[in-house]
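One structure below.
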Amino acid sequence: MIADNPTCQDVVVLVTEYLEEALPAAERARFEAHLAACPGCAIYLRQMQRTIKALGTLTEETIPADTMAELLRGPAHGQVTLVGRNTFPLE
Ligand SMILES: [Zn+2]
């Protein structure tokens with residue numbers, strides 16, 4: 001369940017469900033609203049989409065545990081509220 005104002009962590013956790021279109025419409029809308037306002041998460045989503053395209057599938061194991069941990073605690077993420085000043089680590 002996504003809160004009215006989902007956090008970046010919510011997005012990271014729910015991205016697989018979003019991409020599998022497993023989210024209820026209301027949550028999907030909140031997810032997309034966050035993406036529209038958060039460049040870091042928008043980039044993260046694009047990377048996930050690229051990964052899926054490359055692998056042809058998406059499972060929990062698609063995201064390496066260390067990558068997930070990095071995303072969840074990365075200092076840049078969660079602070080990417082300034083459009084044009086994204087510091088989300090791309091590589
Ligand atoms: Zn975000």
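Quick check, is residue 23 more than 15 Å from the ligand (Cβ to nearest atom), within 21 Å of residue 56 (Cα to Cα) and not β-branched (Val, Ile, Thr)? Spell out how you get there, then give the answer.
Values: more than 15 Å from the ligand (Cβ to nearest atom): yes; within 21 Å of residue 56 (Cα to Cα): yes; not β-branched (Val, Ile, Thr): yes.
Criteria met by residue 23.
Go through (1) at pLDDT below 90; (2) surrounded by 18 or more Cβ atoms within 10 Å (Cβ to Cβ); (3) out of contact with any Leu (no Cβ under 8 Å at 6 or more places or on another chain) for residue 77 and report which single condition fails.
Looking at each condition in turn, residue 77 falls short on (3).
Name the residue that is modelled with the highest pLDDT, counting only residues in region 18-55 that are touching a helix residue (DSSP H, G or I) at 6+ places or on another chain (Cβ under 8 Å), more than 22 Å from residue 5 (Cβ to Cβ) and of a type in the set (A, V, I, L, M).
Looking at residues that are touching a helix residue (DSSP H, G or I) at 6+ places or on another chain (Cβ under 8 Å), more than 22 Å from residue 5 (Cβ to Cβ) and of a type in the set (A, V, I, L, M), I get 52.
Name the pairs whose Cβ atoms lie under 7 Å apart, with the first residue in region 11-34 and within 12 Å of residue 45 (Cα to Cα), the second among the acidic types (Asp, Glu), and 6 or more positions between them or separate chains?
Note: pairs meeting the criteria are 16/60.
The values are calculated or read from the model by the stated rules, or taken from the named source; none is laboratory data. These numbers come from a predicted model, not from an experiment. As a convention, Cβ positions derive from the backbone with ideal geometry for all residues, glycine included, and neighbour counts pool all protein chains shown.
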